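Below: the structure, in structure tokens.
The values are calculated or read from the model by the stated rules, or taken from the named source; none is laboratory data. Since the structure is predicted, the reported quantities are computational estimates derived from the model, not experimental observations. All Cβ positions, even for glycine, are placed from backbone atoms using ideal geometry, and neighbour counts span all protein chains on display. Heads up: the accessible areas ignore ligands, DNA and RNA and are worked out on the full protein's heavy atoms, side chains in. Shrake-Rupley method; radii C 1.70, N 1.55, O 1.52, S 1.80 Å.
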Amino acid sequence: MKLYNSATHTIDTFKTHEPGKLKMYTCGPTVYHYAHIGNLRSYIMEDVLEKTFRQTGYDVLRIMNITDVGHLSSDADTGEDKMLKGAKREHKTVMEIADFYTKAFFEDCRKLNIRTPDVVAPATSYIQDFIHMIQKLLDDGYAYLAGGNVYFDTSKLDQYYIFNKHNEEDLEVGVREGVEADGNKRNKCDFVLWFTKSKFEDQELKWESPWGMGYPGWHIECSAISLKYAGEYLDLHCGGIDNQFPHHTNEIAQSEAYLGHTWCPQWFHVHHLNSSDGKMSKSKGEFLTVSLLESKGYKPLAYRFFCLQSHYRKSLLFTYDNLDNAQNSYLRLIERVSRIMENNPGGDVDSAVFGEMKEKFYAALEDDLNTSMAITVLYDVLKSDTNARTKLELIREFDNVLSLDLIQEAERLLAPKAEDPAGSDETRMIESLIAQRTEAKKSKNYAEADRIRDLLNQMGVSVTDTANGPVWKKV
Ligand code: AMP
Ligand code: ZN
């Protein structure tokens with residue numbers, strides 16, 4: 001496997017500390033709201049990476065934290081506490097919010113065929129591990145107490161910046177929007193390990209600690225949880241590109257200070273999904289969730305397909321037109337697979353063709369996770385003149401990684417229609433789309449009405465407007 005490593009800025013041959021055994025850590029979601037589809041782009045690409053390793057013979061241990069405490073809305077230890085913000089918004093307790101949105105996150109993952117990590121670790125269950133780590137950092141002189149909080153002292157490191165050379169001026173506290181000066185910090189980039197003095201007097205979750213009642217800073221959780229499950233040597237750390245600084249930089253600082261040696265040599269960062277007006281956000285513009293896409297008639301796996309069509313190291317523009325194209329291609333792909341199935345694929349697998357195409361497929365993925373090339377290999381299989389049995393076995397093999405349910409969806413397409421079509425998922429979806437189209441027309445939103453009609457056409461449904469309202473049929 002050749003993989004771009006953000007820490008070295010080069011495409012390196014991937015190595016593990018113990019041969020064949022891969023310890024992989026992923027920064028999990030902050031569970032104060034639904035994940036937007038940008039967050040989920042990162043998890044989809046990490047899922048493909050994990051499955052590529054598994055299918056090529058690695059024994060993978062995948063760990064993910066759940067941030068249910070301590071992530072402030074600014075990355076610079078300031079701003080509102082995201083969890084508290086969620087609790088206030090919904091008049092619930094922080095733990096109710098965490099529980100609800102953790103379940104919602106895994107439900108989205110299920111719909112997108114993202115495998116649940118081997119270890120899922122909510123930060124609030126590891127407070128004693130954080131306290132232990134912070135105490136050692138204090139004992140070893142890497143941390144200090146000031147104004148009641150515990151801070152990491154970045155001046156104690158030979159090298160603090162890992163991924164980028166930051167311009168110190170840009171990091172000047174107060175220069176960045178929404179960042180307030182913290183007079184307790186000895187150096188600009190010092191960060192909080194443990195808060196006891198906070199401007200949130202109503203902070204709901206607090207724990208006893210040697211430094212007083214308080215709660216952890218955001219970064220400590222990933223270091224402590226990783227050390228607990230992966231031990232002293234982590235092989236690969238993943239996250240979205242925005243996590244590079246300060247989050248991952250701080251994780252490295254505190255983990256290596258704690259261990260006294262290099263911690264994780266390989267870093268995988270997924271670039272952002274952007275909307276037309278810039279960075280995707282939960283608070284401004286349309287809040288794009290998997291459920292919203294479903295309510296507009298998109299299949300979650302069409303979104304997965306959309307993500308796989310582009311490289312993880314390029315930012316990706318989300319528009320409904322782009323998603324329409326992806327859904328169209330995805331549905332056509334399923335139809336093509338179903339036609340191969342109809343051909344009664346008896347006979348033997350052509351092992352030479354199977355081996356050659358399988359090799360091409362994994363060669364694409366092992367070339368810095370070139371998912372769009374891997375999909376091209378899939379199309380090459382469909383186009384080829386090998387027998388149907390070989391094609392289906394290759395599709396099945398590729399789908400272990402792509403996870404697009406190609407075989408299952410094609411089988412569904414071929415299955416005799418359910419006895420109660422009015423009650424089927426598909427009928428409900430069509431009727432909901434037709435109702436949305438009627439609403440759009442009523443409010444003179446003709447562009448939206450046309451978009452829905454096109455979508456229905458793609459699904460093989462034609463709609464006619466009659467005096468008694470719209471009537472639809474499958475064509
Ligand atoms: P959060 O729940 O905010 O901690 O973010 C969860 C994950 O989504 C992190 O790995 C982020 O880096 C990543 N992320 C945030 N915004 C985007 C985006 N627009 N596109 C891709 N990944 C993102
Ligand atoms: Zn993290």
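Hey, with R₀ at 41 Å, roughly what FRET efficiency would D140 and R54 work out to, going by the Cβ-Cβ distance, to 0.05?
Between D140 and R54 the formula returns 0.65.
Note on the stretch 326-457: with charges restricted to the Cβ of Lys and Arg (+1) and Asp and Glu (-1), its dipole about the Cα centre is near 740 debye. Residue order by solvent-accessible surface for W218, W472 is W472, W218, largest first, with ligands and nucleic acids left out and a 1.4 Å probe. Helix 351-365 axis versus longest C-alpha principal axis of the chain: approximately 40°, rounded to the nearest ten. Taking a point 7 Å out from the Cα of D99 in the direction of its Cβ, the residues of the stretch 11-36 whose backbone N falls within less than 19 Å of it are 30-34.
In this label model, E232 and M373 are separated by 3.8 nm, measuring between points 7 Å along each Cα→Cβ vector. The simple Förster model, with R0 at 41 Å and r as the Cβ-Cβ distance, assigns S329 and E204 a FRET efficiency of 0.30.
Calculated from DSSP H runs of 4 or more alone, at -39500 (n - 2.57) each and per residue, what is the 222 nm mean residue ellipticity of the chain, nearest 500?
Calculated mean residue ellipticity at 222 nm is -13500 deg cm²/dmol.
Protein-only accessible surface at a 1.4 angstrom probe places the residues D321, D153, D350 in the order D321, D350, D153, largest first. Of the cross-linked pairs K358/K383; K441/K473; K88/K444; K103/K358, those separated by over 26 Å at the C-alpha level are K88/K444; K103/K358. Placing a label point 7 Å from the Cα of S125 along the Cα-to-Cβ direction, the residues of the stretch 202-223 whose backbone N falls under 20 Å from that point are 205-208, 216-223. The shape of the stretch 2-270 comes out oblate: with a ≥ b ≥ c from the C-alpha gyration tensor, a/c is at least 1.5 while a/b does not beat b/c. Given R0 = 41 Å, the distance between the Cβ atoms of K279 and D385 translates into a calculated FRET efficiency of 0.30. Loop-located chymotrypsin sites (Phe, Trp or Tyr not before Pro) across the stretch 275-328 with a Cβ neighbour count of 15 or fewer within 10 Å are F287, with loop assigned by DSSP.
Evaluate the Debye formula for the stretch 297-414 with equal point scatterers sitting on the alpha carbons, no solvent, and hand back log10 of I(q)/I(0) at q = 0.11 Å⁻¹, in q order, two decimals. So the normalised log intensities are -0.36. Dividing the radius of gyration of the alpha carbons in the chain by their Kirkwood radius gives 1.01 for Rg/Rh.
Remark: the chain carries 44 Å² of accessible area per residue (probe radius 1.4 Å; ligands, DNA and RNA excluded). The distance from the alpha carbon centre of the stretch 208-270 to that of the stretch 126-168 is 11 Å, rounded to a whole number.
Which percent of the accessible heavy-atom area of the stretch 334-461 goes to carbon and sulfur, probe 1.4 angstrom? Of all accessible area on the stretch 334-461, carbon and sulfur atoms account for 48 percent. Summarising the label geometry, the points placed 7 Å from Cα in the beta-carbon direction at N468 and K92 lie 4.3 nm from one another.
Candidates T466, I430, L455 compared by Cα position along the dipole of the stretch 422-474: farthest toward the positive end lies T466, with charges placed on Cβ.
Accessible area per residue was computed with a 1.4 Å probe on protein heavy atoms; T196 scores about 30 Å². Think of each Lys and Arg Cβ as +1 and each Asp and Glu Cβ as -1; about the Cα centre, that makes the dipole of the stretch 2-270 roughly 680 debye.
Which value, in debye to the nearest 20, gives the size of the charge dipole of the chain about its Cα centre, when Lys and Arg are +1 and Asp and Glu are -1 at the Cβ?
I would put it at about 1100 debye.
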